[in-house]
1. When you scan segment 8-38, how many residues do you find that are of a type outside the set (S, T, N, Q), under 15 Å from Ala56 (Cβ atoms) and in contact with a Pro (Cβ under 8 Å, 6 or more places away or on another chain)?
2. Within segment 1-13, how many residues turn out to be surrounded by 14 or more Cβ atoms within 10 Å (Cβ to Cβ) and in contact (Cβ under 8 Å) with a residue 60 or more places away in the chain?
3. Restricting to segment 14-29, name every residue that is touching a Phe, Trp or Tyr at 6+ places or on another chain (Cβ under 7 Å) and surrounded by fewer than 11 Cβ atoms within 10 Å (Cβ to Cβ).
4. Starting from residues that are out of contact with any Ser or Thr (no Cβ under 9 Å at 6 or more places or on another chain) and modelled with pLDDT of 90 or more, keep the ones in segment 37-50 and report whichever is farthest from Ile10 (Cα to Cα).
5. What are the pairs, 6+ residues apart or on separate chains, where a residue within segment 14-41 that is more than 21 Å from Glu52 (Cβ to Cβ) has its Cβ under 9 Å from a residue that is modelled with pLDDT of 90 or more and part of a loop (DSSP other than H, G, I, E, B)?
6. Scan segment 51-81 for residues that are within 23 Å of Ile12 (Cα to Cα) and among the hydrophobic types (A, V, I, L, M, F, W, C) and jot them down.
7. Give segment 39-81 a look and list any residue that's surrounded by 10 or more Cβ atoms within 10 Å (Cβ to Cβ) and in a loop (DSSP other than H, G, I, E, B), or say none.
8. Identify all residues within segment 64-80 that are free of Cβ contacts under 8 Å to residues at least 12 places away in the same chain and under 14 Å from Ala6 (Cα atoms); write none if there are none.
Amino acid sequence: MAVFVAASCIAIWFVLGENRGWTRTTRTRMQKDPVTDIDYPIVEKYFSPGVEWLGAGLLVSVALAGISFAFKPEPKTKSQL
């Protein structure tokens, strides 16, 4: 499960934009006015997860791996073999 969480966290981070900074919720793009041919900025709502999302997902996967070592299976007795 820990490997699945880590792989899906990395995949989602890549698909949504792999922002190497902090999370961004908007982006600015330039658009040209058709009449005057002047460029002007337009701010759009856009979610791009940052490295804190990647770090949190990998931390959860490490925690799951650590928890898995806390629960050891009981040794089998001769009657169970």
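1. Counting residues in segment 8-38 that are of a type outside the set (S, T, N, Q), under 15 Å from Ala56 (Cβ atoms) and in contact with a Pro (Cβ under 8 Å, 6 or more places away or on another chain) gives 3.
2. 1
3. Hits for segment 14-29 are Thr25, Thr26.
4. Step one: of segment 37-50, the residues out of contact with any Ser or Thr (no Cβ under 9 Å at 6 or more places or on another chain) are 37-40.
Within this subset, residues satisfying the condition of being modelled with pLDDT of 90 or more are 38-40.
Working: Ile38: 40, Asp39: 36, Tyr40: 35 Å.
Filtering first and then ranking leaves Ile38.
5. Matching pairs, first to second residue: Lys32/Ile38; Asp39/Asp33; Tyr40/Asp33.
6. Passing the criteria: Val51, Trp53, Leu54, Ala56, Leu58, Leu59, Val60, Val62, Ala63, Leu64, Ala65.
7. Pro49, Gly50
8. Taking segment 64-80 and keeping what is free of Cβ contacts under 8 Å to residues at least 12 places away in the same chain, we get 66-67, 69-80.
Gly66 - this is the single residue of segment 64-80 that is free of Cβ contacts under 8 Å to residues at least 12 places away in the same chain and under 14 Å from Ala6 (Cα atoms).
The values are calculated or read from the model by the stated rules, or taken from the named source; none is laboratory data. Every value quoted in this text rests on a predicted model; they were computed, and no experiment measured them. Every residue, glycine as well, gets a Cβ built from its backbone with ideal geometry; the counts of neighbours run over all protein chains shown.
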